[in-house]
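Here the structure is laid out as structure tokens; the discussion comes afterwards.
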Amino acid sequence: AAKMETKMFENLQILIPGMLGTTKLDMPKQTIHMGKPCAGCKPLRFKGYFKYFPVNGDSCVAQLTLWKYNTNLHKRDTIANVRMIVTDTVDTYTPFDLEVDYLNTYLIPDTMMILFVSSAGFNFNNLTGCVGQVGSTMFVDDVSVEYPAGITEALMPEIDVKTYPNPAADKVIFTLDSCPENLTMEVLDQQGKWITKFPVQSCDLTLNTSSYSSGTYYFRLMQDKYLMSTGVFIINN
């Protein structure tokens, strides 16, 4: 699980909400850089579990936004957005399951932002403009994004998996930071069809991809029925 707590930076006298997601804090410029590359991604649902302990009527946010850069206007166009705001105390882990609302079904996103914030009055462009209550605390766990064909991306993986080379040709190497018992690796194509499934017997795995067609493939690491990690690799033959 991850914990976010709104705090006051005393030296700068800036209130900054606790924040988790595809963002990067830039204190010298007092701003936040948002999003990660997500070429062609079109998720259907945004899911996970949360707890929240507000102070003095504060509220928290869970948000997923998809953008595409507009080369003519030199700005990001919003392709989809889904947002949950919670104002009440939630003292036990509670599921959320949000359908991604596409504002434009014709454009293909190139950037995805996932965001959890312990105070909803955050200001991306100017940190001195954030509003919230010191001590408001949000917890999240088991966060995932669901794609068509039943493909799920775990955003808080239990096991970190590095893949290389990526893109690849005749082989992909997986390096796991741990390899407990009863692990299974599953590989699926972009349509969600199983390509292969095999037991994990080492923290370093090599997958022969010489017969794979060029394209995007997904992997998921399972321990019995539990999803431990997911990822993407590209084959370019």
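The values are calculated or read from the model by the stated rules, or taken from the named source; none is laboratory data. On a predicted model such as this, the values are computed, not experimentally measured, just so you know. Don't worry about glycine lacking a Cβ; one is built from the backbone with ideal geometry, like all the others, and counts go over all protein chains shown. Ligands, DNA and RNA are stripped out before the accessible areas are found, and what is left, the full protein with its side chains, is counted by its heavy atoms. Shrake-Rupley method; radii C 1.70, N 1.55, O 1.52, S 1.80 Å.
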Item checked: Index of the failed condition, Ile85 passing every other in (1) over 20 Å from the mean Cα position of the chain (by Cα); (2) aliphatic (A, V, I, L, M); (3) open to solvent by 80 Å² or more (accessible area, probe 1.4 Å) -> (1)
Note to self: Can you tell me which residue is farthest from Met19 (Cα to Cα) among those in the stretch 113-144 that are small (Gly, Ala, Ser) and open to solvent by 10 Å² or more (accessible area, probe 1.4 Å)?
What the structure shows: Ser144
Notebook entry, point to check: How many residues does the stretch 192-237 hold that are outside any strand (DSSP E or B) and within 22 Å of the chain's Cα centre (by Cα)?
Noted result: 2
Check: Would you say Arg45 is in contact (Cβ under 8 Å) with a residue 40 or more places away in the chain, surrounded by 13 or more Cβ atoms within 10 Å (Cβ to Cβ) and of a type in the set (Lys, Arg)?
Finding: yes
Next item on the list: Please find, within the stretch 178-237, the residue that is nearest to Asp141 (Cα to Cα) out of those that are open to solvent by 60 Å² or more (accessible area, probe 1.4 Å) and acidic (Asp, Glu).
Entry: Asp224
Notebook entry, point to check: Does the stretch 88-125 hold any residues that are within 21 Å of the chain's Cα centre (by Cα), of a type in the set (A, V, I, L, M) and part of a strand (DSSP E or B), and which are they?
Noted result: Leu98, Met112, Met113, Ile114, Leu115, Val117
Next item on the list: Could you please let me know if Glu153 is acidic (Asp, Glu), out of contact with any Lys or Arg (no Cβ under 8 Å at 6 or more places or on another chain) and in a loop (DSSP other than H, G, I, E, B)?
Entry: no
Margin query: If I ask for residues that are in contact with a Gly (Cβ under 8 Å, 6 or more places away or on another chain) and open to solvent by 80 Å² or more (accessible area, probe 1.4 Å), which ones from the stretch 88-112 would you list?
Written below: Pro95
